[in-house]
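**Q** Before we start, here is the structure in question, set down as structure tokens.
The values are calculated or read from the model by the stated rules, or taken from the named source; none is laboratory data. Bear in mind the structure is a predicted one, so any value in this text is a computation, not a measurement. Cβ coordinates were reconstructed from backbone atoms using ideal geometry, including for glycine residues, and neighbour counts include every protein chain displayed.
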Amino acid sequence: MTLAPERPTTAKGIDPRLRVESDAPRPQRPALKKSGRPNPAAHLTPEQIEGIGRELDALRAEVMDSRGARDAAYIRKVIKAQRYIEMGSRAALLFSGVKVKGVRPLWWVGTAGLSVAKILENMEIGHNVMHGQWDWMRDPKIHSTAWEWDNASPSSQWKHSHNEIHHTFTNVLGRDNDLGYGILRVDEDQRWTPFYLFQPIWHVGNALLFEYSIAAYDLELGAYMAKKDRMSEEQKAEFKNNADEVVAKIKRQATRDYVVHPALAAVTGSARTTLTANLVANLVRNVWTNTVIICGHFPPGIATFEKTSIDGETRGEWYLRQMLGSGNISGTKAMHVMTGNLSHQIEHHLFPDMPSNRYAEIAPRIRDLMERHDLPYVTGSLWKQAGSVYWKVVELSLPNKVEGRRRRDIVKLELTKAWRKKKRARRA
């Protein structure tokens, strides 16, 4: 295989600034976190954590040094299959208006195929390419600096919020905004406010419109709305440029899916059915992507961390946080491919720039490592993991249980405080 010249990358692997050993002795982890909840790694000594770091460094080096033709063939095969599925589906949709015994068979075939194609493009291809998993191939067509995916969020903005922030501060309260995306309370250590009472409703809305929610999240729209009066002109100009980029990206997508392809199908009388097929495929992709992602960090048994807990963090401690802050989904090989191998979320968070086809290979060794150190390897079926998250979203829409107090009394008190505060603000 001929390699092109090396290109700069914005992909996020393991922060090279993290050292295996600390300059100063690391303290023993307390049995309880500040919230009073158990610390799942309290039984590990600093020396044991350093040992975990060394073992995972060795595993990473072993796999990364063995990358080659087999891996390159895998990603090229997936890309080729995705493109054939999309082309075949769009061809079928040109005749999706044709009825056979009252049914439009090509609408169903085209919609199902297009849904699969969009999921593959986002998950196994786009997400992993933009992590730099295939940069070692030096193929300019499959490089993290060049890939633009079929998603409302521009790749540059997504790589900043996901690769640089989420993977660095995984599940750190107040630092990792992916922990509920700023609109969901998914952990008891997150402070409850009346805002969360309605989160079961907008959790469903967020799933249906997930690509647009992520675009707004990557744009940091909420932070802009809260701080715009205190922002400098330069900061406002930067936000406007980023917002213009998002709007332009959404326009391109909408034009392709809801104007160009329906117009092409108008010749065969299938414009309306092609439009609905594109809409349904995008909704299916959004719900699937959301489901896979929430299963990676929100199910019961996955830990969160305080800001101060990562001060002076070593590489072993970073590895430990990734293992405790992630969860897997069990299933078939086909299911793993459709999740972008994020069903191996623990392995992905340990080695985000490792080729995704290698995660299944190393998963047994990661599980063995964690079980040897009495660490919970959180995994379960898709239905179990997703169901547990939906139940958690409902449960945590209410305040935590407090001995001697009823939840409804806490809600009533907080609503009264919020109403009085708003009333005072109006008077002022």
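**Q** Can you list residue pairs whose Cβ atoms sit under 7 Å apart, with the first residue in the range 254-280 being under 16 Å from VAL116 (Cα atoms) and the second being of a type in the set (Asp, Glu) and at pLDDT 95 or above? Count only pairs 6 or more apart in sequence or on different chains.
**A** From the range 254-280, the pairs are ASN278/ASP257.
**Q** Restricting attention to the range 222-253, which residues are closer than 19 Å to ARG175 by Cα and touching a residue at least 12 places away in the same chain (Cβ under 8 Å)?
**A** GLY222, TYR224
**Q** Looking only at helices (runs of 4 or more DSSP H) that fall completely inside the range 211-295, which ones have 1 or more residues that are over 25 Å from the mean Cα position of the chain (by Cα) and of a type outside the set (D, E, K, R)? Let's see the steps before the verdict.
**A** Values: elements: 221-227, 233-255, 261-265.
So the answer is 233-255, 261-265.
**Q** Output the residue which, of all residues in the range 314-362 that are assigned to a loop (DSSP other than H, G, I, E, B) and surrounded by fewer than 20 Cβ atoms within 10 Å (Cβ to Cβ), is nearest to the chain's Cα centre (by Cα).
**A** GLY331
**Q** Before we move on, is THR145 polar (S, T, N, Q) and assigned to a loop (DSSP other than H, G, I, E, B)?
**A** Spelling it out, THR145 is indeed polar (S, T, N, Q) and assigned to a loop (DSSP other than H, G, I, E, B).
**Q** Also, quick follow-up: Would the range 164-173 turn up any residue that is in contact (Cβ under 8 Å) with a residue 24 or more places away in the chain, in a loop (DSSP other than H, G, I, E, B) and surrounded by fewer than 20 Cβ atoms within 10 Å (Cβ to Cβ)?
**A** Yes, the range 164-173 contains a residue that is in contact (Cβ under 8 Å) with a residue 24 or more places away in the chain, in a loop (DSSP other than H, G, I, E, B) and surrounded by fewer than 20 Cβ atoms within 10 Å (Cβ to Cβ).
**Q** Okay, next question. Identify all residues within the range 296-313 that are under 16 Å from the mean Cα position of the chain (by Cα) and of a type in the set (Gly, Ala, Ser); write none if there are none.
**A** Residue satisfying the conditions is GLY296 alone.
**Q** Something else about it: So which residues in the range 69-124 are assigned to a helix (DSSP H, G or I), more than 23 Å from MET335 (Cβ to Cβ) and small (Gly, Ala, Ser), if there are any at all?
**A** Residues satisfying the conditions are ALA69, ALA72, ALA91, ALA92.
**Q** Now for a separate question. Is at least one residue of the range 371-386 polar (S, T, N, Q) and either without any contact (Cβ under 8 Å) to a residue 24 or more places away in the chain or in a helix (DSSP H, G or I) (or both)?
**A** yes
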